[in-house]
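Okay, structure first, notes after.
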Amino acid sequence: MIDAQTDRTDRIHSPANRTAAAAADGPGPLSGFTVGVTAARRADELIALLRRRGAAVLHAPALRIVPLADDGELLAATKELVDRAPDVVVATTAIGFRGWIEAADGWGLGEELLARLRGSELLARGPKVRGAIRAAGLAEAWSPESESLAEVLDRMLTAGVAGRRVALQLHGEPLPGFVEALRAGGADVVVVPVYRWMAPEDLGPLDRLLDAVAAGGVDAVSFTSAPAAASLMSRAEQRGMGEEVLAALRGGVLAACVGPVTALPLQARSVDTVQPERFRLGPLVQLLCQELPARARRLRVAGHSLELRGHAVLLDGVLRPVPPAGMSLLRALARRPGWVVSRADLLRALPGAGRDEHAVETAMARLRAALGAPKLIQTVVKRGYRLSLDPSSEGKYGGA
């Protein structure tokens, strides 16, 4: 949920204000781009990484976390394991495992739970989870170097799970196929739902992000959990804009997921996603730093280098913020570089401009002022406007 401080921060870091700041410090790889952030947990860390690289951020948590102390399902699972010890415990995340132990302490079950875990075979997904297990005074039996749950599952099935009681610590999202495979192998599986997700109490930020996605007002949306991706699409469908949002995500708005499990709800809807090789926030941001600039349109115009980004342009390496109407005109001209684009066609490119072609002249004047180089766009009397494309430019008279 976005609190008053976050609201204030987002206003300070609006596209216009963030772009101006980036222009003063020199453009970063994400300067001029707007990225939607759907995360609730660790959102501040992700937002800081994006802004440090110049991005404007639209934060809209798609979910909220049920506080552990109030989570009746977690309490019931903990009591079930205390009453009847598991043979195997699979710990999937460090923060989830620590949170489970702390919650058990708060319920007066901490020592009993630890005693049960000491007598179990503890499997840790990766090094961070190993650290959390050891910090609790326990010792893991095995951990894969790959940090892959698939490898954990393979090892368990190879060793055999028939008749064994398995506790599986989740962290906010399901593990498709994992529980089913264990049960098919004959295991008695107890799911430990650490940090369950629910819809956000305030849907306003999520609705604003959906509106921006549908309108092409963001360049990318980041996802750090499968439930967040599913929740965003569910809300879009509730509002009757599911197809609009899907069209945007299949088109100009990049869907960036922290890993393959996170991407599943989007891929099930035929949305292509990008994912870093390492499933961490840092690599996710680095991937955006590669993908978004690679999508930018670059032209040589009137002796200048022009790069079109989300809500700004790089002109000879200098970031210049451009009003939304101006960006609409510039993109329309860039789709037919060197060709004359009529006022009527440009009017249709302006959002909500109506039928008065004077709106084109007004927006064009503001665009030229924002660019600071009036000769980039040539007026063709009684016909329209065109980019003053350099004769040597390969994009001249091309379509894009």
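The values are calculated or read from the model by the stated rules, or taken from the named source; none is laboratory data. Computed from a prediction, not measured in an experiment: that's the story for all the values here. All Cβ positions, even for glycine, are placed from backbone atoms using ideal geometry, and neighbour counts span all protein chains on display. Calculation scope for accessible area: heavy atoms of the full protein, side chains included, ligands and nucleic acids excluded. Shrake-Rupley method; radii C 1.70, N 1.55, O 1.52, S 1.80 Å.
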#### Entry: From the coordinates shown, Cα extents along the principal axes in Å corresponds to which of (i) 57, 54, 41; (ii) 76, 46, 43; (iii) 85, 40, 39
(iii)
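So how much slack lies between Ala247 and Arg269, counting 0.36 nm per residue of separation and subtracting their Cα-Cα distance, in nm? It would help to have the intermediate numbers written out before the result.
Working: separation 22, 0.36 × 22 = 7.92 nm, distance 1.05 nm.
So the extension gain works out to 6.9 nm.
So, with +1 on the Cβ of K and R and -1 on the Cβ of D and E, and no other charges, what is the size of the charge dipole of the chain about its Cα centre, to the nearest 20 debye?
Around 1980 debye, computed over the chain.
Taking R0 as 30 Å, what FRET efficiency do you get between Val318 and Thr379 from their Cβ-Cβ distance, rounded to the nearest 0.05?
On the way: r = 24 Å, r/R0 = 0.80.
E(calc), rounded to 0.05, equals 0.80.
Apply the a/c threshold of 1.5 to the C-alpha gyration tensor of the stretch 169-232 and tell me whether it is rounded, prolate or oblate.
Working: a/c = 4.40, a/b = 2.52, b/c = 1.75.
It comes out prolate by the Cα gyration axes.
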### Task
Could you tell me, in Å, what Rg and Dmax come out for the Cα atoms of the stretch 116-196?
12.4, 33
### Message
With unit charges on the beta carbons (Lys and Arg positive, Asp and Glu negative) and the dipole taken about the Cα centre of the chain, which residue among Leu371, Val66, Ala230 sits farthest to the positive side?
### Response
Leu371
#### Entry: Under DSSP loop assignment and at most 13 Cβ neighbours within 10 Å, longest GluC sites (Glu not before Pro)-free interval of the chain
1-144
### Task
Could you tell me which of Pro283, Val318, Leu333 has its Cα farthest along the dipole of the stretch 243-400 towards the positive end, charges placed at Cβ (Lys, Arg +1; Asp, Glu -1), taken about the Cα centre?
Leu333
### Message
If the only charges are +1 at each Lys and Arg Cβ and -1 at each Asp and Glu Cβ, what is the size of the charge dipole of the stretch 56-157 around the Cα centre, to the nearest 20 debye?
### Response
220
### Task
Go ahead and set up a Gaussian network model of the chain, Cα springs under 10 Å, then flag whichever of Pro351, Pro283, Pro61 fluctuates most.
Pro351
#### Entry: Cβ charges +1 (Lys, Arg) and -1 (Asp, Glu), total dipole of the stretch 92-242, debye
360
### Label-point separation, Asp188 to Trp339 (7 Å along Cα→Cβ), nm
7.1
### Message
For the chain, what does the helix formula give at 222 nm: sum of -39500 (n - 2.57) over DSSP H segments with n ≥ 4, over the residue count, nearest 500 deg cm²/dmol?
### Response
-13500 deg cm²/dmol
### Task
For Glu147 paired with Gln290, estimate the spin-label separation in nm (one decimal), with each label point 7 Å from Cα along the Cα-to-Cβ line.
1.6
### Query
Does the stretch 14-169 come out rounded, prolate or oblate, given a ≥ b ≥ c as the square roots of the eigenvalues of its C-alpha gyration tensor, rounded meaning a/c under 1.5 and, failing that, prolate meaning a/b above b/c?
prolate
### Task
Using only Cα atoms, tell me the angle between helix 15-25 and the longest principal axis of the chain; keep it within 0 to 90° and round to the nearest 10.
80
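Taking only protein heavy atoms and a 1.4 Å probe, what accessible area per residue, in Å², does the chain have with all protein chains in place? Walk me through the numbers on the way to the answer.
Working: 18070 Å² over 400 residues.
Ligands and nucleic acids excluded, the figure is 45 Å² per residue.
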### Task
With label points built 7 Å along Cα→Cβ from the Cα atoms of Val82 and Arg298, find their separation and express it in nm.
6.2
### Task
Just name one of Gly26, Gly185, Met156: the one whose Cα is farthest towards the positive end of the charge dipole of the chain (beta-carbon charges, Lys/Arg +1, Asp/Glu -1).
Gly26
### Length-normalised contact order of the chain in % [C-alpha pairs under 8 Å, at least 6 apart]
15
### Task
Step through the residues of the stretch 135-143 one at a time and calculate ³J(HN,Hα) from phi using the Karplus curve (6.51 cos²θ - 1.76 cosθ + 1.60, θ = phi - 60°), rounding each to whole Hz and writing x for Gly and Pro.
5, 7, x, 10, 9, 7, 8, 6, 8
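If you restrict to DSSP beta bridges whose two residues both lie in the chain, what percentage is antiparallel, to the nearest 5? Each step should come with its number before you reach the end.
Values: 21 of 50 bridges.
The antiparallel fraction comes to roughly 40 percent.
Tell me whether the stretch 342-387 comes out rounded, prolate or oblate; compute the Cα gyration tensor, take square roots of the eigenvalues as a ≥ b ≥ c, and use a/c under 1.5 as the rounded threshold.
oblate
I'd like the carbon and sulfur percentage of the solvent accessible area for the stretch 88-145, probe radius 1.4 Å, heavy atoms only, ligands and nucleic acids excluded.
Numbers: 1160 of 2450 Å².
Of the solvent-accessible surface of the stretch 88-145, carbon and sulfur hold 47 percent.
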### Query
Relative to the longest principal axis of the chain, what angle (0 to 90°, nearest 10) does the C-alpha long axis of helix 204-214 take?
50
### Message
Full-extension gain between Thr362 and Thr158, please, as 0.36 nm times their residue separation minus the C-alpha to C-alpha distance.
### Response
66.4 nm
